[in-house]
Structures are given as structure tokens and as C-alpha cells.
Amino acid sequence: MQLGIVGMFELAAAKKLFGTLSGDAAMRLVVAACDIALVVDRDGTIRDVAAANADLMAVLGAGAKWIGKKWSDLVVADGRPKVAALLREAAAAGPPKWRHLNYPARKRGPDIPIHHAGAALAADGLAIVFGRDLRAMAGLQQRLTDAQFAFENEMERVRTAERRYRALFQSLPEPVLILEGRPARVADANPAAQTVYDISALRAGPKPVAEFMAPNARKALEAAISAARSTGREETLEAAPAGRKTPLHLAVLAAGQAPDATVFLRAARAGHETAGGGADDLADAAPDGLVAVGPDGRIRRANRAFAELAQLAAPEQAVGEPIDRWLGRDGIDLDVLIANLRQRGAVRHYPSQIRGERGLSRDVEVNAAARGTGAGAVHLFALRAIEGRIATAQNDRGREGGRTPEQLAELIGRVPLKELVRESTDAIERMCIEAALELTGDNRASAAEMLGLSRQSLYVKLHRYGLATGDEGDDG
């Protein structure tokens, strides 16, 4: 079937090609069958051009400007051999072959891909070239390629995380079981678990954790797992593994608050099995937040009270994180604390602030001590919430006239400079007001004039420092 565009052709030629179709109908038929159509002669010169929509014409810069130009001059350089092949195939009057050509965009941007096929019109050497716009398909292909790259990058990230997890999990000195599903089944175990449990059964696949525990310990463990999944907090219990008479101190921690959340079951190391939990239990039960920090400022151990102050689900979430993520104001408190620990070995009653994960900030009092030196140094912090106490203490100091110079000197390095300056200024201002009142016989008008203040400003300061007695309006 041969098709042609009627623009420069006579109506008789159009009727010969399309039978009873009018010239306009023939043009509409061709344009409807493709996105763009070109009429070229045997030399490859464009004689006419039409497109299904104005957008494509505008992007290509096509139209009257193309008429009289070589088709091969309008495509990118690597498409010129394809233009010659399309013209030969059209002249041969054989089955049309589709070829992909790229046109440079009129404005900056990617090339415009067009799929072309040609067919001879008549014996005069003219041919019509049909084109299909491939921009939508090219966009989909680019999105697919981008998605494949993103998927490969994500898979590599997952594989890297998996390798790190495996290396860390395998090197843990404590026996750890990973439990999944309901009822909880042992999905994985680290090598240290072989000293406590018979994990050879896992070679056949996940097994219920109850099979690894003594019969009288199974209900207690199931209750601890349910509680950990419900609250997100670590649960502890004393339970004996299957085949053992001595119970172990077990810690149950869920990875989230969900009925089927992954659970980590950690046991005391072999050779250190205890019935009472020892010092770790005492630290975990302490009402104050206790934190052990390495010389790099990262947390090595934390108790439940610290997790509550920092608004964490479990103390383990703080391990490995820098303590100044939660502790300190303006990023200076930790530096002051560390400097004092290195110089004095201990810090007492240092006022600071702890910032919770959910945005809540609380005033705390910090007591700290240092143990060891160099890379083996450990800083121990005890944090106690003191809501309301700081404001009360400041009010008391205001009524009592502020700190003495000796007390202020003791606070250097423990309290930010701006607070020390404010307290010192208040103390000096109070002393000046008291001296002026004494010199004027408690005549406030004269005292205000002596101090260079207005009477109203003096009255405000008298109330601020607790010196206002009687009627402020009395100047005698």
C-alpha cells in the first residue's frame, strides 16, 4: 500500500494514489497514521513535511524551514547512514524497514528520537517517510534504567549491611538467639550460643524457642517475649536452658512494638552464669541515668533510667551513639565536663540538660568520674532529673543576694560564662542599691537619683532583689 501527502501535488495525482479520497482526506489519513511525515526526492531533499501535533513540530523546529534542505543534514551525525539506507529501501519498493533516527532538539535538551520507515510514491522518484515519536518510550526506558541502577545500589547497600551484621553478630561474646514469628521460633544463633544451647537442630530450619528451654522455664520466657513486644522495653528473667540445671540471667529485647516483632534473647556468658544478675542488675535498676562513655565520647553502656530520660525504647539503642546527641546545652557542656574530668578526675552537681528523642528537654544534674587513661579511659556519668529545683535555687539566690565570689570561682568551668556574668552583675547591682539606700536613710527618691535610675526602675529592682519593704510610694 502506498500513501502520500498532498500539498504540492496535483489533485489528479492524489486521486490516482488514493482512489476516491480527496486531497485533504489523504493528508489527514497520513498524519493520523503517524506522528510526522516527510516527502523527499531521490536526492534526499525534503519537498514537504507535516506532523500530527504542533508540539512535535516546535521541538524539532520543523515546518517550512525544512523544505528544500537535505534530510541527512537535519539528523545527528551517526544517523546519516541510516537516512541513506531508508532512501534506498524506499526506492526499491520493498517491504518498509523501520529505523531509529535522532534529531537535535531545537532548545537545550536530549535528542528527539523518531522511528522512520519509507515508501516510494511514484515513478517520479518521490518517496514518503513516516515517523513515530519515541519520546514517551525513551522516557520510560530511562526511568527503567534509573530504577535498575537504584535497585542495584540498594541491593549493594543491603549486602554490605548484611555482611556487617553477620560479622558483628558472629563476634559477640554473649550467647544470642534471634527469634521471629508467633510463637517465637529461633531463626539464627551466634557461635557463642553453642556453649549454652543445642543449636545443631537449627540446621533443619527455625525451631520453637521452647525446645531450647527447660520445661519449667517455657511459660516465663513466653511471657517475657510478649511483654517485650508490647512495651518495647527489655525484659529480664532467670531461666535454665534445656539440659542445664543452673538458670541463666536472660535479657529479652524486641526490635519494635508489634506482636510479631523480631526478638533478641541474650544470655550471660558461659562461665559467668549468675542467679541474681549482680552489678549489672543493680545499675539497670538505679533511679538515676547511668552511662559509661569511651574517650571518643560514644556510649558503651547505659541503664534503663537513661533510656527514659533520652526517650528511647531500650538502653541498647544508645550504645555506640555520641552522648552529646542527648546531653548538654549549646554543644559546650560535654567539653566542660570532659576537661574537668581530665583535670580533677570527678565532677559533682553540674547543671545541664538532656534532650529526648521526641523533643522533650529536661534539666538534669550531672555527677561524673573518670577511670583509666588514654584509649582505655572510661567516663562514668550519673544523670538526675531536677525539674523545678534550678528555678527554685535561682530564686533563693536572688533573695539571699546571690553567690559569694568564692562560690562563683568554684563554678568556673562548670557553669556557662553567661550565667556566671549574670549572677555577678546581679550581686553587684544589689550591693549598690543597698549602699545607696543606707547613705540616703532609706529615701528611695534620693537613692534613685544617686544611682542614676528612675524611681520606677528602682522600685522594680527592689522587688527583684527582695528589698521592697512598705509602700513604694513613700519617699521619706
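A quick yes/no check of all residues on (1) surrounded by 12 or more Cβ atoms within 10 Å (Cβ to Cβ); (2) closer than 13 Å to Ile323 by Cα; (3) at pLDDT 85 or above; (4) not aromatic (Phe, Trp, Tyr):
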site: Arg348; (1), (2), (3), (4): yes, no, yes, yes
site: Pro351; (1), (2), (3), (4): yes, no, no, yes
site: Arg362; (1), (2), (3), (4): yes, no, yes, yes
site: Arg371; (1), (2), (3), (4): yes, no, no, yes
site: Ala375; (1), (2), (3), (4): no, no, no, yes
site: Ala382; (1), (2), (3), (4): yes, yes, yes, yes
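Mind counting the residues in region 193-225 that are touching a Ser or Thr at 6+ places or on another chain (Cβ under 9 Å) and modelled with pLDDT under 85?
Qualifying residue count for the region: 1.
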Take Ala150 and tell me if it is closer than 30 Å to Ala51 by Cβ and in a helix (DSSP H, G or I).
no
Yes or no: region 267-282 includes at least one residue that is touching a strand residue (DSSP E or B) at 6+ places or on another chain (Cβ under 6 Å) and at pLDDT 80 or above.
yes
Within region 323-346, work out how many residues are of a type in the set (Val, Ile, Thr), at pLDDT 80 or above and not in a helix (DSSP H, G or I).
0
Please name all residue pairs, on different chains or six or more residues apart, with Cβ atoms under 8 Å, provided the first residue is in region 64-93 and is of a type outside the set (A, V, I, L, M, F, W, C) and the second residue is at pLDDT 85 or above and part of a loop (DSSP other than H, G, I, E, B).
Lys70/Asp43; Lys70/Gly44; Ser72/Gly44; Lys82/Val75; Glu89/Lys97
Only one of Val158, Val186, Val129 that is under 30 Å from Ala228 (Cα atoms) and in contact with a strand residue (DSSP E or B) (Cβ under 9 Å, 6 or more places away or on another chain):
Val186
Quick check on region 96-104. Is at least one of its residues among the polar types (S, T, N, Q), open to solvent by less than 80 Å² (accessible area, probe 1.4 Å) and assigned to a strand (DSSP E or B)?
yes
Go through region 244-269 and give me each residue that's under 16 Å from Pro175 (Cα atoms), part of a loop (DSSP other than H, G, I, E, B) and not aliphatic (A, V, I, L, M).
Arg244, Thr246, Pro247, Arg269
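Condition check: exposed (fewer than 13 other Cβ atoms within 10 Å of the Cβ), closer than 24 Å to Ala313 by Cα and either in contact with a strand residue (DSSP E or B) (Cβ under 8 Å, 6 or more places away or on another chain) or not small (Gly, Ala, Ser) (or both). Does Arg203 satisfy that?
Judged against the criteria, Arg203 is not a match.
With the requirement that a residue be part of a loop (DSSP other than H, G, I, E, B) and more than 12 Å from Pro104 (Cα to Cα), what does region 51-67 give you?
We begin by selecting, within region 51-67, every residue part of a loop (DSSP other than H, G, I, E, B); these are 52-53, 61-67.
Ala52, Asn53, Gly63, Ala64, Lys65, Trp66, Ile67 - these are the residues of region 51-67 that are part of a loop (DSSP other than H, G, I, E, B) and more than 12 Å from Pro104 (Cα to Cα).
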Scan region 133-140 and give yes if some residue there is in contact (Cβ under 8 Å) with a residue 60 or more places away in the chain and either charged (D, E, K, R) or buried (at least 16 other Cβ atoms within 10 Å of the Cβ) (or both), otherwise no.
yes
Could you run through region 233-248 and say how many residues are open to solvent by less than 40 Å² (accessible area, probe 1.4 Å), farther than 12 Å from Val196 by Cα and out of contact with any strand residue (DSSP E or B) (no Cβ under 6 Å at 6 or more places or on another chain)?
0
Which residues, taken from region 55-74, are under 23 Å from Met137 (Cβ atoms) and either over 46 Å from the mean Cα position of the chain (by Cα) or open to solvent by 80 Å² or more (accessible area, probe 1.4 Å) (or both)?
Asp55, Ala62, Trp71, Leu74
If I ask for residues that are under 34 Å from the mean Cα position of the chain (by Cα), over 17 Å from Leu250 (Cα atoms) and part of a loop (DSSP other than H, G, I, E, B), which ones from region 160-218 would you list?
Gly181, Arg182, Pro183, Pro206
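The values are calculated or read from the model by the stated rules, or taken from the named source; none is laboratory data. Because the structure is predicted, anything quoted here is derived from the model rather than measured. Ideal geometry is used to build each Cβ from the backbone, glycine not excepted, and the neighbour counts take in all protein chains shown. Only protein heavy atoms, including side chains, enter the accessible area calculation; ligands, DNA and RNA are left aside. Shrake-Rupley method; radii C 1.70, N 1.55, O 1.52, S 1.80 Å.
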